[in-house]
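Undergrad: Below is a structure I'd like to ask you about.
The values are calculated or read from the model by the stated rules, or taken from the named source; none is laboratory data. Since the structure is predicted, the reported quantities are computational estimates derived from the model, not experimental observations. When we count neighbours, we look across all protein chains shown, and the Cβ atoms used for this are built from the backbone with ideal geometry, even at glycine.
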């Protein structure tokens, strides 16, 4: 009641119960997904999600690849789901369901108005949105790597035009990867808006660019997210040099 006021106290209690349920579900299905390891030390938050990361230039990699936790530069570049030397699997549909559970929590908190601790509650909801954005990135990179793994032989070769056999649908993996890229592009924009609207004060980041490292995001986090989107758009059609588009 001290935080939400008499008229919204029950709603806040229900939101907290839902939050406890959400994290209990995440822990039982995913196994304590660490956004520090999955999101930060792999740079899922800021690195571009592209089909062929080997096509990125050294300049395009310079802001994120040196901070990726990996003894191998090539593995850090090519295996999105190399998490500190091991690969973790996700149950089908677990993360989308977890994200829906989180959305139910922060939208309930956001609907509380004129509370005694209104600013605190707004920051809490915003923090959950930021957390959900990082989890969403982790899931997108996981799904993207699954597709890349299915196409290792194709990716190991040089870029080429797919064969000319007509197909109305194209390669299913191309269509699915494009959907993942689009979701991550939108997710990055959502995070830019959150951070630009006071969210930077709710995340840990280096106060000076030189102090950015594997476990601490950069002071220019918003600019890095904008660069991520720019690089993704520049490399959007790289996949078409490996997999077939629909024939028209």
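Listed here are the residues, each with its yes/no results for (1) under 30 Å from residue 210 (Cβ atoms); (2) in contact with a helix residue (DSSP H, G or I) (Cβ under 9 Å, 6 or more places away or on another chain).
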| site | (1), (2) |
| --- | --- |
| 121 | no, yes |
| 125 | no, yes |
| 130 | yes, yes |
| 153 | no, no |
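Undergrad: Which residue out of 134, 154 is out of contact with any strand residue (DSSP E or B) (no Cβ under 8 Å at 6 or more places or on another chain) and either under 28 Å from residue 34 (Cα atoms) or at pLDDT 90 or above (or both)? Can you show your working first?
TA: On the way: 154 fails: either under 28 Å from residue 34 (Cα atoms) or at pLDDT 90 or above (or both).
When all the criteria are applied, what remains is 134.
Undergrad: Can we say residue 101 is more than 27 Å from residue 220 (Cα to Cα) and modelled with pLDDT of 95 or more?
TA: Numbers: more than 27 Å from residue 220 (Cα to Cα): yes; modelled with pLDDT of 95 or more: yes.
The answer is yes for residue 101.
Undergrad: Okay, next question. Give the number of residues within the range 128-146 that are more than 14 Å from residue 190 (Cβ to Cβ) and surrounded by fewer than 19 Cβ atoms within 10 Å (Cβ to Cβ).
TA: Residues that pass the stated criteria total 2.
Undergrad: Take the range 107-127 and flag every residue that is free of Cβ contacts under 8 Å to residues at least 40 places away in the same chain and closer than 19 Å to residue 187 by Cβ.
TA: 107, 110, 125
Undergrad: While we're looking at this one, here's another question. Looking at the structure I just gave you, is residue 77 buried (at least 20 other Cβ atoms within 10 Å of the Cβ), under 17 Å from the mean Cα position of the chain (by Cα) and without any contact (Cβ under 8 Å) to a residue 60 or more places away in the chain?
TA: Values: buried (at least 20 other Cβ atoms within 10 Å of the Cβ): no; under 17 Å from the mean Cα position of the chain (by Cα): yes; without any contact (Cβ under 8 Å) to a residue 60 or more places away in the chain: yes.
The answer is no for residue 77.
Undergrad: Let me ask another. Listed residues 183, 179; which is closer than 22 Å to residue 232 by Cβ, surrounded by fewer than 18 Cβ atoms within 10 Å (Cβ to Cβ), touching a helix residue (DSSP H, G or I) at 6+ places or on another chain (Cβ under 7 Å) and modelled with pLDDT of 95 or more?
TA: Working: 179 fails: touching a helix residue (DSSP H, G or I) at 6+ places or on another chain (Cβ under 7 Å).
Exactly one residue qualifies, and that residue is 183.
Undergrad: Consider only pairs whose beta carbons are under 6 Å apart and that are at least six residues apart or on different chains; among these, list those whose first residue lies in the range 178-206 and is touching a residue at least 40 places away in the same chain (Cβ under 8 Å) and whose second residue is surrounded by 14 or more Cβ atoms within 10 Å (Cβ to Cβ) and not in a helix (DSSP H, G or I).
TA: Pairs found: 181/49; 184/49.
Undergrad: Restricting the search to the range 63-74, which residues are closer than 22 Å to residue 134 by Cβ and either loosely packed, with under 12 Cβ neighbours inside 10 Å or out of contact with any helix residue (DSSP H, G or I) (no Cβ under 8 Å at 6 or more places or on another chain) (or both)?
TA: Pass one, the range 63-74, residues closer than 22 Å to residue 134 by Cβ: 63-70.
Passing the criteria: 66, 67.
Undergrad: Further question on the same structure: If residue 114 satisfies all but one of (1) on the phi > 0 side of the Ramachandran plot; (2) crowded, with 21+ Cβ neighbours inside 10 Å, what's the number of the condition it fails?
TA: Answer for residue 114: the failing condition is (2).
Undergrad: Please work out which residue is surrounded by the most Cβ atoms within 10 Å (Cβ to Cβ), limiting yourself to the range 16-49 and to residues that are outside any helix (DSSP H, G or I) and more than 13 Å from the chain's Cα centre (by Cα).
TA: Step one: of the range 16-49, the residues outside any helix (DSSP H, G or I) are 30-34, 41-49.
Checking the rest, the ones that are also more than 13 Å from the chain's Cα centre (by Cα) come to 30-32.
Details: 30: 19, 31: 13, 32: 8.
Taking the candidates together, the pick is 30.
Undergrad: Moving on. Take the range 197-222 and flag every residue that is in contact with a helix residue (DSSP H, G or I) (Cβ under 6 Å, 6 or more places away or on another chain) and either in a helix (DSSP H, G or I) or over 19 Å from residue 65 (Cβ atoms) (or both).
TA: Answer for the range 197-222, where residues must be in contact with a helix residue (DSSP H, G or I) (Cβ under 6 Å, 6 or more places away or on another chain) and either in a helix (DSSP H, G or I) or over 19 Å from residue 65 (Cβ atoms) (or both): 199, 202, 222.
Undergrad: Which members of the range 203-248 meet the condition of being under 30 Å from residue 159 (Cα atoms), more than 18 Å from the chain's Cα centre (by Cα) and surrounded by fewer than 18 Cβ atoms within 10 Å (Cβ to Cβ)?
TA: Scanning the range 203-248 gives 234, 237, 238, 240, 241, 245, 246, 247, 248.
Undergrad: Let me ask you something else. Can you go through 194, 225, 189, 233 and tell me which one is part of a helix (DSSP H, G or I), more than 28 Å from residue 122 (Cβ to Cβ), at pLDDT 95 or above and out of contact with any strand residue (DSSP E or B) (no Cβ under 6 Å at 6 or more places or on another chain)? Can you show your working first?
TA: Working: 194 fails: more than 28 Å from residue 122 (Cβ to Cβ); 225 fails: more than 28 Å from residue 122 (Cβ to Cβ); 189 fails: more than 28 Å from residue 122 (Cβ to Cβ).
So the residue among 194, 225, 189, 233 that is part of a helix (DSSP H, G or I), more than 28 Å from residue 122 (Cβ to Cβ), at pLDDT 95 or above and out of contact with any strand residue (DSSP E or B) (no Cβ under 6 Å at 6 or more places or on another chain) is 233.
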